[in-house]
Amino acid sequence: MSDLATTIRHLVAGNRILANEGIVDAMGHISARHPDNPKRYLLSWARSPGLVEAEDIMEFELDGTPVKDNGKPIYIERPIHGAIYEARPEVMSVVHNHCYEVLPFAITRTPVRPAVHNARRLGENVPVWEIRDKFGDTDHLVTTMEQGRDLASVLRANKATLMRGHGCAVTGASISDAVQTAISMKINARAILEGLKLGEI
């Protein structure tokens with residue numbers, strides 16, 4: 001099996017796992033850097049992640065332009081992926097989600113801190129990107145490369161960043177790494193939220 005075929009197979013599995021774990025809903029997405037061309041990435045057309053199959057995977061330039069337009073609708077928040085790949089050559093996979101357990105941290109000043117063992121991969125800092133700081137009152141969607149690059153500038157070298165009032169972006173050195181980090185972020189958020197009911201963390 002070629003590197004491309006393997007990457008597509010793993011990307012399909014990543015979509016299905018994230019959907020099964022409740023990390024993505026119909027609007028979340030995961031991408032992978034193209035194994036043969038680092039200036040391109042792979043992402044499904046705008047389909048619910050739980051339904052993604054190999055033939056749904058499309059190839060995109062870093063600016064979000066489809067290499068081959070098959071006429072199917074595509075995710076409008078592609079700039080999240082392209083801008084992160086552009087800024088972070090070591091990143092091989094990106095997950096964008098609106099995980100319900102993580103959202104409270106995206107609307108309060110409570111930081112995401114690793115509180116349980118499997119969240120150590122998050123590192124000490126999960127920054128918060130505020131779209132209003134540079135782009136004013138928007139619908140919070142990242143639809144331009146300028147917005148995506150601003151998000152990437154806040155992410156810096158971290159594994160993930162919260163997107164205020166929206167969700168988060170998670171990176172990985174592989175598809176598996178990105179999926180595991182997104183799941184760990186959910187588990188960690190849920191542990192903190194439940195722990196606070198009992199007392200101080």
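The values are calculated or read from the model by the stated rules, or taken from the named source; none is laboratory data. Computed from a predicted model, the values in this text were never measured in an experiment. Note that each Cβ is placed from the backbone with ideal geometry, even for glycine, and that neighbours are counted across all protein chains shown. Just so you know, the surface numbers come from the protein's heavy atoms only, side chains and all, with ligands and any DNA or RNA stripped out. Shrake-Rupley method; radii C 1.70, N 1.55, O 1.52, S 1.80 Å.
For the chain, give the percent of accessible area contributed by carbon and sulfur heavy atoms, probe 1.4 Å, rounded to a whole number.
Solvent-exposed carbon and sulfur of the chain make up 53 percent of the total.
Let me check against my output: what whole-number percent is the relative contact order of segment 153-201, with C-alpha pairs under 8 Å and at least 6 apart?
RCO, segment 153-201: 18 percent.
log10 I(q)/I(0), Debye, Cα-only segment 82-194, no solvent, q = 0.15, 0.17, 0.21, 0.22 Å⁻¹?
Each listed q corresponds, in turn, to -0.58, -0.76, -1.15, -1.26.
Once you list every other residue whose beta carbon is under 12 Å from the beta carbon of residue 129, what net charge do they have if Lys and Arg are +1 and Asp and Glu are -1?
Surrounding charge for residue 129 is +2.
Normalising by the residue count of the chain, find the relative contact order in percent from Cα pairs under 8 Å and 6+ residues apart.
23
Roughly what % of DSSP beta bridges within segment 72-201 run antiparallel, to the nearest 5?
80
Among residues other than residue 150 whose Cβ falls under 10 Å from its Cβ, what is the net charge (Lys/Arg +1, Asp/Glu -1)?
-1
With +1 on each Lys and Arg Cβ and -1 on each Asp and Glu Cβ, how big is the dipole of the chain about its Cα centre, in debye rounded to the nearest 20?
460
Based on the Cα gyration tensor of segment 44-146, what are the three equivalent ellipsoid semi-axes, each the root of five times an eigenvalue, rounded to whole Å and given largest first?
Listed largest to smallest, the semi-axes of segment 44-146 are 27, 18, 15 Å.
Please list log₁₀ I(q)/I(0) at q = 0.09, 0.11, 0.18 Å⁻¹ for the chain, using the Debye equation with identical point scatterers on the alpha-carbon positions.
Values, matching the q order: -0.31, -0.46, -1.23.
Provide the per residue accessible area, probe 1.4 Å, for segment 128-199, rounded to a whole number of square angstrom.
That works out to 44 Å² per residue.
Would you list, by chain and number, the lysines whose Cα falls below 23 Å from the Cα of residue 72, excluding same-chain residues fewer than 8 positions away?
Here the lysines satisfying the reach criterion relative to residue 72 are 39.
What number comes out for the charge environment of residue 82, summing +1 per Lys or Arg and -1 per Asp or Glu over other residues with Cβ under 11 Å away?
Result for the local shell: +1.
Using only Cα atoms, locate the centre of segment 99-166 and the centre of segment 26-47, then give the distance between them in Å, rounded to an integer.
Cα centroid to Cα centroid, the span is 20 Å.
Under a 5 Å amide H to amide H cut-off, with H placed in plane at 1.01 Å, what residues pair with residue 163 once short-range neighbours are removed?
HN-HN under 5 Å from residue 163: 129, 168, 169.
So for segment 1-104, what percent of the C-alpha to C-alpha distances run longer than 24 Å?
16
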